[in-house]
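The structure appears right after this line, and notes come after that.
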Amino acid sequence: MKKKFFNAKIYRNDSATEFIVENGKITQIGTNLPICDNEVDLEGKLIMPPYVDPHLHLDYVYTGRNDGGNVKSGTLFEGIERWHHFKKTQGIGDAKNRALEGVREEASHGIQYIRTHIDVTDPDLTGLKAMLELREELKDKVTIQIVSFPQEGMYAYKNGYELVEEGLKLGADCVGGIPHFEWAREIGEKSVHSTVELAVKYNKMIDVHCDETDDVMSRFLELLNALVMIEGIGKKTTASHACSFGSADNAYANRMIGLFKKSKINFITPPTENAYLQGRMDNYPKRRGLNRVKELLEEGINICFAQDSINDPWYPLGNGNMMNVLDNGIHLTHLASYEEIEKSFDLITFNGAKTMMIDDYGLEVGKSANFIVLNESDEFEAIRKRVGVLASVRNGEYLFKRNKPSYDIPLSI
Ligand code: FE2
């Protein structure tokens, strides 16, 4: 049945206010479109494609308060140590239930696309098996990509390389890595070579936890970028975190930015997690620990924001609210002008979809009718007010719809 959505303020489209959906796809978009039996008034609200969370650990969801540990140093390495103990206790059912609750929480904030890193440094591959089932069961509601991710190292963990490869054979979409966690620089470099070789061998995307440290000498990004450029797979490659690049000196950064433009590599920054985890060894001034988001955007290099953690041993406060992620990201990376702020919605929508290589994304004829409705009509005001998502629509049908918040405030003059 045809359905017409009208009276829309469409993000990045000033010429259309209406669109018609048939069999889950957008068949027309513009103004003064034909009358349909089924019409939905969007009340002038801001309509955009769904939020994208391109870097999340669904196998870790809600383990922050339930692993019996607590935050002491607040570092990445403490988080890995806590997870090392917890993961031995989980079963497939338990892992699946927690991941499902994580997806539910993200979806409630308007996310429909998730890339999740699943720890495969586990001889039983418990988290991966749970996630492969869930990806299939939820595919009509949310698009999930899985990274075969060696949390405890491709070489620091016994048979880590083989387990990553097994994850790819079982159906993971991307090869992961964590070179800064390997026990020596040379072994970290070896893991980067292995990551790229596996991606080529199995025709997979790459998403590496790369240089998630304030150590300016951690420069695995340089090698990753060079190797994928040689293979011509930069567009399929993502460097997540790249915190140390935020601490590098300008001469080095300038040279590297030129090479990133050539390779077309993608970047992901989780603002809340990296602001929380990094700078822990600093006195004052304390570094923010984030990549050079503003400078990469200015150079046309693709970078997006993510919610890395939903209450796990690395970061206690994540909840999948991308407006909160964006809010923090804007502040921490000095996206200060009105134009930068208005366009910053790209960091939680289009840029994430590009990173995940999702072609069927955006409000255009021929694409799936997937979109969210924000409780504002203007981009800047939507961010200033940190508005919530009123509805999330998938293939033309509501995933959820909620009432506008109303207030009765007795103020008058
Ligand atoms: Fe991560």
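The values are calculated or read from the model by the stated rules, or taken from the named source; none is laboratory data. All of these numbers come straight from a predicted model, not from anything done at the bench. So basically every Cβ, Gly included, is an ideal-geometry build from the backbone, and we count neighbours across all protein chains shown. Just the protein is used for accessible areas: all its heavy atoms, side chains included, with ligands, DNA and RNA removed. Shrake-Rupley method; radii C 1.70, N 1.55, O 1.52, S 1.80 Å.
Dipole magnitude for the chain: computed about the Cα centre from +1 point charges on Lys and Arg Cβ and -1 point charges on Asp and Glu Cβ, it is near 180 debye.
Given the options Asn351, Asn250, Asn395, which has the most mean-square fluctuation in a GNM of the chain, springs set between C-alpha atoms less than 10 angstrom apart? The residue that fluctuates most here is Asn250. The solvent-accessible area of Glu222, taken with every protein chain present and a 1.4 Å probe, is close to 80 Å².
Please compute the per residue accessible area over region 170-226 with all protein chains in place, 1.4 Å probe, rounded to a whole number of Å².
Ligands and nucleic acids excluded, the result is 39 Å² per residue.
When the expected Rg is taken as 2.2 N^0.38 Å, what fraction or multiple of it is the alpha-carbon Rg of region 71-229?
For region 71-229, the normalised Cα radius of gyration is 1.04.
Converting the Cα gyration tensor eigenvalues of the chain into ellipsoid dimensions via √(5λ) gives semi-axes, longest first, of 35, 24, 22 Å. Amide H contacts for Lys25 (H built 1.01 Å from N in the peptide plane; partners 5 or more residues away or on another chain; cut-off under 5 Å): Ala369.
Amide H contacts for Ile10 (H built 1.01 Å from N in the peptide plane; partners 5 or more residues away or on another chain; cut-off under 5 Å): Ile47. In order along region 361-374, the Karplus-derived 3J(HN,Hα) couplings, from 6.51 cos²θ - 1.76 cosθ + 1.60 at θ = phi - 60°, round to 8, x, 8, 9, 4, x, 9, 4, 7, 10, 7, 10, 10, 9 Hz, and Gly and Pro are given as x.
Tyr51 contributes an accessible area of around 0 Å² to the protein surface, as traced by a 1.4 Å probe with all chains present. Ordered from largest to smallest accessible area (heavy atoms of protein chains, 1.4 Å probe), the residues Arg12, Arg219, Arg98 come out as Arg12, Arg219, Arg98.
Projecting the Cα atoms of Gly329, Val120, Ile310 onto the charge dipole of the chain, computed from C-beta unit charges around the Cα centre, puts Gly329 farthest toward the positive end. In this structure Ser194 has an accessible area near 10 Å², from a 1.4 Å probe over the protein heavy atoms. Sorting Tyr315, Tyr284, Tyr276 by solvent-accessible area of protein heavy atoms yields Tyr284, Tyr276, Tyr315, largest first, with a 1.4 Å probe. Expressed as a whole percent, the accessible surface of the chain that belongs to carbon and sulfur atoms is 49, based on a 1.4 Å probe.
Inter-label distance, Leu317 to Glu231: 3.8 nm, where each label sits 7 Å from its Cα along the C-beta direction. The angle between the Cα long axis of helix 126-137 and the longest principal axis of the Cα atoms of the chain comes to about 20 degrees, rounded to the nearest 10. Of the residues Ala248, Tyr60, Gln145, the one whose Cα sits farthest towards the positive end of the charge dipole of the chain is Gln145 (charges of +1 on Lys and Arg Cβ, -1 on Asp and Glu Cβ, taken about the Cα centre). For region 296-305, putting each phi into the Karplus relation 6.51 cos²θ - 1.76 cosθ + 1.60 with θ = phi - 60° gives couplings of 5, 4, 4, 8, x, 8, 6, 9, 9, 9 Hz, in residue order, rounded to whole numbers and with x for Gly and Pro. Relative to the longest principal axis of the chain, what angle (0 to 90°, nearest 10) does the C-alpha long axis of helix 220-231 take? Result, in degrees: 70.
Axis angle, to the nearest 10 degrees, between helix 92-107 and the longest C-alpha principal axis of the chain: 40 degrees.
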